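What follows is one structure encoded as structure tokens, with my remarks underneath.
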């Protein structure tokens, strides 16, 4: 998150959890140093994923536009579909969270062959959901953001 902040990014989150559950998670994550600028639950906009409205509301609250300048980073096919439906870049994270079904520590404790098998399955599911990019961890998102920035600048230059 610090790398993203140094890039000047605003951080908005969306979830499938209830507002009450999200509030608990926001509090716990703040103690660990993660403080998004905006956190939204389906009840905040009337409907959840894969509808795009939580992303739209993040854009409004954070005053971010155009939508092409937004990247949705998530670890489930529903995350990817939410991003696609909102018209933003969708980046799938295969190696952590829901797609591997294990904590980072438990995932790292697996034999290498099982880690690779789980990553391959997760990558395929996220790609099949339509992700523009798939990475194994958040540590790999910076080069993707650089590529997106380059594409946006190239598209602006061709106008």
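The table below lists the values:
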{"item": "Selection from region 94-109 of residues that are closer than 20 Å to residue 144 by Cα and either assigned to a helix (DSSP H, G or I) or out of contact with any strand residue (DSSP E or B) (no Cβ under 6 Å at 6 or more places or on another chain) (or both)", "result": "95, 96, 97, 99"}
{"item": "Qualifying positions in region 8-44 - surrounded by 12 or more Cβ atoms within 10 Å (Cβ to Cβ) and assigned to a loop (DSSP other than H, G, I, E, B)", "result": "9, 10, 11, 15, 16, 17, 18, 34, 35, 36, 37, 41"}
{"item": "Counted residues, region 67-92 - those being under 13 Å from residue 119 (Cβ atoms) and either part of a helix (DSSP H, G or I) or modelled with pLDDT of 95 or more (or both)", "result": "1"}
{"item": "Region 76-93, subset out of contact with any strand residue (DSSP E or B) (no Cβ under 7 Å at 6 or more places or on another chain) and surrounded by fewer than 19 Cβ atoms within 10 Å (Cβ to Cβ), residue nearest to residue 143 (Cα to Cα)", "result": "87"}
{"item": "Residue within region 131-141 that is free of Cβ contacts under 8 Å to residues at least 12 places away in the same chain, part of a helix (DSSP H, G or I), farther than 25 Å from residue 48 by Cα and within 16 Å of the chain's Cα centre (by Cα) present", "result": "yes"}
{"item": "Matching residues, region 105-159, being surrounded by 16 or more Cβ atoms within 10 Å (Cβ to Cβ) and farther than 25 Å from residue 85 by Cβ", "result": "107, 115, 118, 119"}
{"item": "Condition check for residue 1: farther than 23 Å from residue 129 by Cα and touching a residue at least 24 places away in the same chain (Cβ under 8 Å)", "result": "yes"}
{"item": "Region 45-62, residues that are surrounded by fewer than 14 Cβ atoms within 10 Å (Cβ to Cβ) and either within 18 Å of residue 16 (Cα to Cα) or in contact (Cβ under 8 Å) with a residue 24 or more places away in the chain (or both)", "result": "46, 47"}
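The values are calculated or read from the model by the stated rules, or taken from the named source; none is laboratory data. The structure displayed is predicted, hence computed values, not measured ones. Don't worry about glycine lacking a Cβ; one is built from the backbone with ideal geometry, like all the others, and counts go over all protein chains shown.
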